[in-house]
Amino acid sequence: MSKKLNVAVVGATGAVGREMLKTLEKRSFPVNNLRLLASSRSAGTTLPCFGTKHTVEELTTESFKGIDVALFSAGASISRQFADAAVKAGTVVIDNSSAFRMVPEVPLVVPEVNPEDAFKHKGLIANPNCTTIIMLVALKPLYDLSRIRRIVVSTYQSASGAGAKGMQELEQQTADVVAGKPAVPKVFSFPYAFNLFSHNSAITGNGYCEEEMKMVNETRKIMHDNDISVCPTCVRVPVLRSHAEAIVIEQERRVSVEEALEALAKAPGVKIVNDAATNHFPMPCESNEQYDVLVGRVRYDLSCDTGLAIFVCGDQLLKGAALNAVQIAELLANR
Ligand SMILES: NC(=O)c1ccc[n+]([C@@H]2O[C@H](COP(=O)([O-])OP(=O)(O)OC[C@H]3O[C@@H](n4cnc5c(N)ncnc54)[C@H](OP(=O)(O)O)[C@@H]3O)[C@@H](O)[C@H]2O)c1
């Protein structure tokens, strides 16, 4: 059995933080002391975990004394402000934000894809972007059959990707529209209920938004392949939880649909949902609160001799964030 660790969750009251607490408990992570940290706004409130109520404390640079592992999920600016103090206190930080993902010496880890990278850390390990994690869990077994040269991906991203406030906005607007009232945008710039829009992150100089560029750059880093071409289109859809992605890949050799399905069936973290007879394929309502990424619609790309097309769906609060972070902590705890 692994040694019990002192664990801190930074951003414990947020959409991801709450999932981290549930995941630590559900997977019986070997926790000795658990410290919940957030802003002064929620200091003093309590959250349940491991059968007891834990009081949320205000995050300060002194919060990490005696902490072995800290799961950070309070946004990039908080990570930039506090990760260094945690590392200096001897804590291993597993960071969910984008703050350190592309720093060369910081491992960017999906345990089903590149677990060995986790052990190269110097106090800090980054959890990748949620859409990238979900895509790569499904693509790794196909890459192992034949290198993937090119990925064209369209995402259908849920409201919870924007945190607790994103979910509240979709719920409020949906209730308002059904009641005959207008949808009033507050968190997002545009009406969300009964609508969809291009991902709300800023458009960069090349016309791709930041979310899309994360998929490009993080895929290359995680796969250790700087030559993979990735062309993403990220879209926010009015779904509360779980991201879906339509992915088309071009490989070096023609991989048959049967071969791909066989590899996917054996792959860790993947569940095949591929029933053509009933049109039953991956859906958010079936991936919600699940650890596995659902994969289906596995078919040939009719426009390319060495291409395959798939459709995937994954709970981005879990596999795209909390679960992936806890799995990284498990890699360290089990060593
Ligand atoms: N949502 C997703 O699907 C997802 C997926 C992957 C990665 N992430 C990343 O995970 C992070 C959190 O996302 P989320 O969706 O959970 O956001 P969220 O629901 O808005 O939660 C934000 C958390 O950060 C805390 N926080 C805010 N300001 C703080 C401060 N000054 N000091 C300490 N804590 C502070 C909040 O505490 P209070 O309650 O005190 O305000 C809350 O616990 C972000 O970096 C995000 O990019 C999110």
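The values are calculated or read from the model by the stated rules, or taken from the named source; none is laboratory data. Because the structure is a prediction, the values reported are computed rather than measured. Ideal geometry is used to build each Cβ from the backbone, glycine not excepted, and the neighbour counts take in all protein chains shown.
The table below gives the values:
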item: Strands (runs of 3 or more DSSP E) contained entirely in region 200-313, each with at least 3 residues that are buried (at least 20 other Cβ atoms within 10 Å of the Cβ) and touching a residue at least 24 places away in the same chain (Cβ under 8 Å); result: 229-236, 243-251, 293-300
item: Among residues of region 81-116, those that are in a helix (DSSP H, G or I) and surrounded by fewer than 21 Cβ atoms within 10 Å (Cβ to Cβ), counted; result: 7
item: Single residue of region 155-199 satisfying the filter (part of a helix (DSSP H, G or I) and of a type in the set (S, T, N, Q)) that is surrounded by the fewest Cβ atoms within 10 Å (Cβ to Cβ); result: Q168
item: Filter pass, N114 being of a type outside the set (D, E, K, R), closer than 26 Å to R80 by Cβ, away from the ligand (no atom under 16 Å from the Cβ) and at pLDDT 95 or above; result: yes
item: Residue in region 241-253 that is within 16 Å of the ligand (Cβ to nearest atom), closer than 30 Å to S189 by Cα and small (G, A, S) present; result: yes
item: Residue match in region 14-33 (condition: farther than 30 Å from R220 by Cβ and without any contact (Cβ under 8 Å) to a residue 24 or more places away in the chain); result: yes
item: Identity of the residue in region 123-134, of a type outside the set (S, T, Y) and in contact with an Asp or Glu (Cβ under 6 Å, 6 or more places away or on another chain), that ends up nearest to the ligand (Cβ to nearest atom); result: N129
item: Residue, nearest to the chain's Cα centre (by Cα), within region 95-128, restricted to residues that are within 13 Å of Q327 (Cα to Cα) and of a type in the set (G, A, S); result: A126
item: Top-ranked residue in region 314-323 [being outside any loop (DSSP other than H, G, I, E, B) and in contact with an Asp or Glu (Cβ under 9 Å, 6 or more places away or on another chain); ranked as surrounded by the most Cβ atoms within 10 Å (Cβ to Cβ)]; result: G314
item: Members of region 303-335 that are under 17 Å from I151 (Cβ atoms) and away from the ligand (no atom under 16 Å from the Cβ); result: S303, C304, D305, T306, G307, L308, A309, I310, F311
item: Region 1-41, subset closer than 24 Å to D315 by Cβ and among the polar types (S, T, N, Q), residue farthest from the ligand (Cβ to nearest atom); result: S28
item: Members of region 47-58 found to be exposed (fewer than 15 other Cβ atoms within 10 Å of the Cβ), closer than 28 Å to Q290 by Cβ and within 13 Å of the ligand (Cβ to nearest atom), listed by number; result: none
item: Contacts under 8 angstrom Cβ, first residue in region 90-110 being within 19 Å of A74 (Cβ to Cβ), partner acidic (D, E) and in a loop (DSSP other than H, G, I, E, B), 6 or more apart; result: T91/D68; V92/D68
item: Residue satisfying all of: in region 135-191; β-branched (V, I, T) and within 16 Å of the ligand (Cβ to nearest atom); modelled with the lowest pLDDT among these; result: V187
